[in-house]
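One structure below.
The values are calculated or read from the model by the stated rules, or taken from the named source; none is laboratory data. Small disclaimer: the values here were computed from a predicted structure and weren't measured. Here the Cβ positions follow ideal geometry from the backbone for every residue, glycine too, while neighbour counts run over all protein chains shown. Side chains included, ligands, DNA and RNA excluded: accessible areas come from the protein's heavy atoms. Shrake-Rupley method; radii C 1.70, N 1.55, O 1.52, S 1.80 Å.
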Amino acid sequence: MIDIKLIREQPDRVQQNCIKKNDGSDIQRVVTLDVRRREIIQLVEDLKSKRNTVSQEVAALKKSGGDASALIIAMREVGDEIKTLDEELRLVEEQIEAIMLRIPNMAHESVPVGADASANVEIRRHGSCGEKEHRVDHIEISKRLGILDFERGAKVTGAGFGFYVGKGARLERALINYFVDVNTDIHGYTEMLPPFVVNADSCRGTGQLPKAQEDMFHAERDDLYLIPTAEVPLTNFYRDEILQGSDLPIRFAGYSACFRREAGSHGKDTRGFLRVHQFNKVELVKFVQPETSYDELESLVGNVEFILQQLGLTYRVLLLCTGDMSFGSAKTYDLEVWSPAEQRWLEVSSCSNFESFQARRAAIRYRDGGGAKPEFVHTLNGSGLATSRILVALLEQYQTADGRIKIPECLQSYCGFDTI
């Protein structure tokens, strides 16, 4: 969440940021509640001081044999008033927290202002977008080759699930291993294998709750959530902890299956792997000092681009506008691969700097030497990479005229074959 001091000092700026992010949060309501909260705290402090004074007077009267009954009644009334105010304070703080948890992060000054994806800015492009030529879409080619089965996935589970079969399963596993190896062996991330379910505190820490609750699979009996991305458990690894500044930056690379209800995807293209409820992804997460976080964001994007270039895929990098970026992000780059059969771009990675937004929610701080006061770290994350749409791009960009799929050279040793 953002710092409430910013709301106190610059409420109009925060409200304008909400508008730019297509968010309807009422910042003035927070201001009003915060004023009342501080009034209550002051009233309680004054009453407690008064109670202490009266208590001393009662003790003195009793010691001298005087009648302290009137003072005792007054002291009880003060105690009752304190209890009433404490209850009001609790309710006011609950209201403030409920609103604060839904206020979006402040967009960085370099982020373009726009209402939707049409205002995103293409930063660079790698490769060329060929015509359809002989290429068919990933659904048809995977049926011909017997490597993906969406019909039986729907039968066994439901729409939005699929089976990887034979060489399709081997290729998927190769992608996961390759992504992990590149990011750990070359880029220096620490490999992590996180839990695939998390508690509600973890979801609040990274911003999925309460804002995106409808998009998550919830096991009500255990009050646990299937993770939508490894970002959630990896970022919460240090929840409620104070790190040493000398240990930063810390960089994690973790594979997980990801589960999303896609509650807001009605009417969107849901064919094959274009939009699924379960997919595999290697997530990159960073904990860094504030002054380096934007350099780390550019480095994060570069790490993802390196893999796309090694795979030989046509891709582009977009800087998202305010209306298209996520609730918690201060700045986001999307990386998209080209689908020759669909003749459009498919998002495969989203790299974001959250600044202190997640760290404030999850209470992740760091302390430099010399007994300095702990400060909130900056957190970043990005897909490095999600496999489902990468697989779509591979099946379509690497098709041959005779209906086979060439395997990129960097994956061949992982697969054990060079064609499907």
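Spread over its residues, the convex hull of the C-alpha atoms of segment 54-103 is 54 Å³ per residue. Put simply, the C-alpha atoms of segment 267-346 give a gyration tensor, and the ellipsoid matching it has half-axes of 25, 17, 13 Å, longest first. I'd like the orientation of helix 27-64 relative to the chain: the angle between its Cα long axis and the longest Cα principal axis, in ° from 0 to 90, rounded to 10. Tilt of helix 27-64: around 30 degrees. Taking only the alpha carbons of segment 178-335, we obtain Rg and Dmax values of 16.3, 49 Å in that order.
Within the chain, antiparallel bridges make up roughly 90 percent of the DSSP beta bridges whose residues both belong there. By the rule of a C-alpha distance below 20 Å, with chain neighbours fewer than 8 residues away ignored, the aspartates and glutamates paired with Lys373 are Asp3, Asp240, Glu241, Asp247, Glu291, Glu355. Compared with the rule-of-thumb size 2.2 N^0.38 Å for a compact globular protein, segment 53-207 has a Cα radius of gyration ratio of 2.21. Normalised by 2.2 N^0.38 Å, where N is the number of residues, the C-alpha radius of gyration of segment 155-223 stands at 1.51. Based on protein heavy atoms only, the chain ends up with 47 Å² per residue of surface accessible to a 1.4 Å probe. Sparsely packed loop sites in segment 69-134 (the GluC sites (Glu not before Pro) outside DSSP H, G, I, E and B with at most 13 other Cβ atoms within 10 Å) comprise Glu109, Glu131, Glu133.
How high is the FRET efficiency from Phe417 to Glu347, r the C-beta distance, R0 22 Å, rounded to 0.05? Once rounded, the FRET efficiency stands at 0.15. Between the C-alpha center of segment 161-234 and that of segment 367-412 there is a gap of 13 Å.
By accessible area of protein heavy atoms, probe 1.4 Å, what ranking do Leu274, Leu91 get, highest first? All intermediate terms of the calculation are to be shown ahead of the outcome.
Values: Leu274 5, Leu91 75 Å².
Result of the area sort, largest leading: Leu91, Leu274.
Relative to the longest principal axis of the Cα atoms of the chain, helix 69-100 runs at roughly 20 degrees.
Any of Lys281/Lys331; Lys155/Lys406; Lys48/Lys83 with alpha carbons more than 19 Å apart? Name them for me.
Details: Lys281/Lys331 21 Å; Lys155/Lys406 30 Å; Lys48/Lys83 11 Å.
In this structure, Lys281/Lys331; Lys155/Lys406 exceed 19 Å between Cα atoms.
Averaging over all projection directions, the Cα-based convex hull of the chain occupies 26.1 nm² in the image plane.
Using the Kirkwood radius over Cα pairs, work out the Stokes-Einstein diffusion coefficient for segment 264-420 at 4 °C and 1.567 mPa s, in µm²/s as a whole number.
Details: Rh = 17.6 Å.
So the translational diffusion coefficient is about 74 µm²/s.
Three principal axis extents describe the C-alpha atoms of segment 378-420; from largest down they are 50, 21, 12 Å.
If you roll a 1.4 Å probe over segment 289-386 with all protein chains in place, what percent of the accessible area is carbon or sulfur? List each step's numbers first, then the result.
On the way: 1170 of 2880 Å².
C and S fraction of accessible area: 41 percent.
Summarising the overall dimensions of segment 165-267 from its C-alpha atoms, the Rg and Dmax are 16.0, 49 angstrom.
Principal-axis analysis of the Cα atoms of the chain puts helix 11-20 at an angle of about 20° to the longest axis. If you sort His126, His187, His138 by accessible surface, 1.4 Å probe, largest first, the order is His126, His187, His138.
Over the C-alpha atoms of segment 1-105, the Rg to Rh ratio, Rh being the Kirkwood estimate, stands at 1.26. The His218 and Lys63 beta-carbon pair, evaluated with R₀ = 60 Å, returns a calculated FRET efficiency of approximately 0.45.
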